[in-house]
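Have a look at the structure below before the remarks.
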Amino acid sequence: MKENAKTIEVSSINVGDRIRIDYPKIKELAASIQKHGLLQPILVDSEMRLVAGGRRLEAIKYLGLPIIPTDWVKTRKDLTDIQLKEMELEENIQREDLSMDEELAAKLAIHRLKCEQHGDQSKTRNRGDWSLRKTAELLGESVGGLSQDIQLAEAIEQVPELKQCKTKAEVRQLLKNLGRKEGAKLRVQEAEHSDVFKHANNHYIIGDARKCLPLCNPGVVGFAEVDPPYGVNYDKRDGHDKSDYHEVDVGDYPRFLRRIATDLYSVLADQAWVVWWYASIHHHIVRTALEDAGFYVDGVPAIWFKGEKFGSTANAQYLLGRAYEPFFIARKGKPVLAKQGKVNVFWHAPLKPSEKIHPTEKPLSLLVDIIETILVNKTMCLVPFLGSGVTLRAIYKTGHTGFGWDLSENNKNLFLEKVIEENKCD
């Protein structure tokens, strides 16, 4: 430490390895320090190790101050390493601006530190003196809530990618999805010699529709269900695991649509149906792309109505809840409908988030209803954007056959698991 009676060198303060490394609003705090000075001193031990005040120290460094007044630093003498860590943790855990992963890590560290000091009851057959209940009392939390937080913190240690989640609910959902994916992979491996597996495995092809579609043999496919990315920045929204979702940039969307529509028209048989899902804001460009490719498009879209209780919006103060999704029914040639005169509204409740393989997955009953409404004879079907594979399952259920592509091996395993379950295959 280099200091005189009035100043201390900033470089003499040893930050060490701390729980918190990302401090918010450093510029604002630096401006306040520059104007008013440091209102609350930095706390160090006798060896100049930082105890509390990491954000204040970062703001001082941001200002480029090599030395600071001695009254900006307060010293606590004779602190052990454990006490030093304990004070840091207990100071940080009370902060309101901790990120979700920082909060979880701090709670886990406090519990581990206390167990290290006093012995862990859960591992020493009651010879230890510390328990989860005591940590919960120390932090003013319920035992159940703290237990869940510690489990999440341990999961983040094992899977650092979970730090990208913004909420604990997102972490739990992503963990659940990871567990489902691993479980599905094992169950699929167990059933890989069954006929049902081989059948479905050949139909769900890992590949990019944009590259694979032009390579299909023309004139074979009589029905296509196209549920492409919507071009609405869905991958940037909060609340769902979108690790297997591949969005198309809004600026590239018209060109993307024209390419898929043109290639699809070339592949289809002379008499064929197409169901095409889209976001309402793209109604015009989707219809134009289909018509320019050669399709006849019913200008009045069909509607999947989810039911009033499923209507939702992020701006309820200004917008009504969105309880439906539109889709075009287009045709090449003049095929006839199986259920002539049926209304263009399909009422089916959506899946619960916990039931979904893919974040935009639609219910099996809806796809079955649509296929039974449209197709008369046994038909070869194409699903360029398979996602969860639910459309293939509906195709099987209605007695048709089909194939398609997706980029996710995880989605494929979950789809195969569903097919195996539905066919009661060991």
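The values are calculated or read from the model by the stated rules, or taken from the named source; none is laboratory data. Nothing here was measured: the structure is a model prediction, and the numbers come from that model. With ideal geometry, Cβ positions are generated from the backbone for all residues, glycine too; neighbour counts draw on all protein chains shown.
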Query - Residue check, ALA106 under 30 Å from ILE26 (Cβ atoms) and modelled with pLDDT of 75 or more - result: yes
**Report entry** Members of region 266-282 that are closer than 27 Å to TYR324 by Cα and not small (Gly, Ala, Ser)
**Finding:** TRP273, VAL274, VAL275, TRP276, TRP277, TYR278, ILE281, HIS282
Query raised in the report: When only residues in region 111-135 that are under 15 Å from GLY145 (Cα atoms) and buried (at least 17 other Cβ atoms within 10 Å of the Cβ) count, which is modelled with the lowest pLDDT?
Result: THR135
Report task. Considering each of ALA224, ALA155, ALA200 in turn, give the residue that is in contact with a Leu (Cβ under 8 Å, 6 or more places away or on another chain) and at pLDDT below 80. Result -> ALA155
Query raised in the report: Tell me, which residue of region 152-167 that is assigned to a helix (DSSP H, G or I) and in contact (Cβ under 8 Å) with a residue 60 or more places away in the chain is surrounded by the most Cβ atoms within 10 Å (Cβ to Cβ)?
Result: LEU162
Query raised in the report: Does GLY402 fit the bill of being among the small types (Gly, Ala, Ser) and either part of a loop (DSSP other than H, G, I, E, B) or free of Cβ contacts under 8 Å to residues at least 40 places away in the same chain (or both)?
Result: no
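For every residue, the table says whether it meets (1) closer than 15 Å to THR7 by Cβ; (2) touching a Ser or Thr at 6+ places or on another chain (Cβ under 6 Å); (3) modelled with pLDDT of 85 or more.
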| position | (1), (2), (3) |
| --- | --- |
| LYS27 | no, no, yes |
| ALA30 | no, no, yes |
| VAL51 | no, no, no |
| ILE60 | yes, no, yes |
| THR70 | yes, no, yes |
| ASP78 | no, no, no |
| GLU86 | no, no, no |
Requested in this report: Looking only at region 138-151, count how many residues are part of a helix (DSSP H, G or I) and at pLDDT 80 or above.
Outcome: 9
Query raised in the report: From the set of residues in region 405-414 that are in a helix (DSSP H, G or I) and touching a His at 6+ places or on another chain (Cβ under 9 Å), which is surrounded by the most Cβ atoms within 10 Å (Cβ to Cβ)?
Result: LEU414
**Report entry** Hits in region 194-230 - residues which are assigned to a loop (DSSP other than H, G, I, E, B) and of a type in the set (Val, Ile, Thr)
**Finding:** VAL220
Query - Given (1) modelled with pLDDT under 95; (2) touching a Cys at 6+ places or on another chain (Cβ under 7 Å), index of the condition TRP405 fails - result: (1)
Requested in this report: Scan GLY333, GLY311, GLY299 and give me the residue that is on the phi > 0 side of the Ramachandran plot and assigned by TED's automatic domain parsing to the domain that holds CYS212.
Outcome: GLY333
Requested in this report: Select from region 350-382 the residues that are β-branched (Val, Ile, Thr) and either more than 28 Å from LYS334 (Cα to Cα) or buried (at least 18 other Cβ atoms within 10 Å of the Cβ) (or both) and write down the one among them that is modelled with the lowest pLDDT.
Outcome: ILE357
Report task. Pick out the one residue from LYS352, LYS356, LYS378 that is without any contact (Cβ under 8 Å) to a residue 24 or more places away in the chain, closer than 19 Å to LYS418 by Cα and out of contact with any Leu (no Cβ under 8 Å at 6 or more places or on another chain). Result -> LYS352
Report summary line: Per the filter on region 257-300, residues in a loop (DSSP other than H, G, I, E, B) and over 22 Å from ALA209 (Cβ atoms) are ASP298, GLY299, VAL300
Requested in this report: Look at HIS358 and say whether it is closer than 19 Å to THR398 by Cα and not hydrophobic (A, V, I, L, M, F, W, C).
Outcome: no
Requested in this report: Could you identify the single residue in PHE327, PHE385, PHE346 that is touching a helix residue (DSSP H, G or I) at 6+ places or on another chain (Cβ under 9 Å), farther than 27 Å from ASP208 by Cβ and either touching a residue at least 40 places away in the same chain (Cβ under 8 Å) or buried (at least 20 other Cβ atoms within 10 Å of the Cβ) (or both)?
Outcome: PHE346
**Report entry** Residues of region 289-307 classified as of a type in the set (Val, Ile, Thr) and surrounded by fewer than 16 Cβ atoms within 10 Å (Cβ to Cβ), total
**Finding:** 1
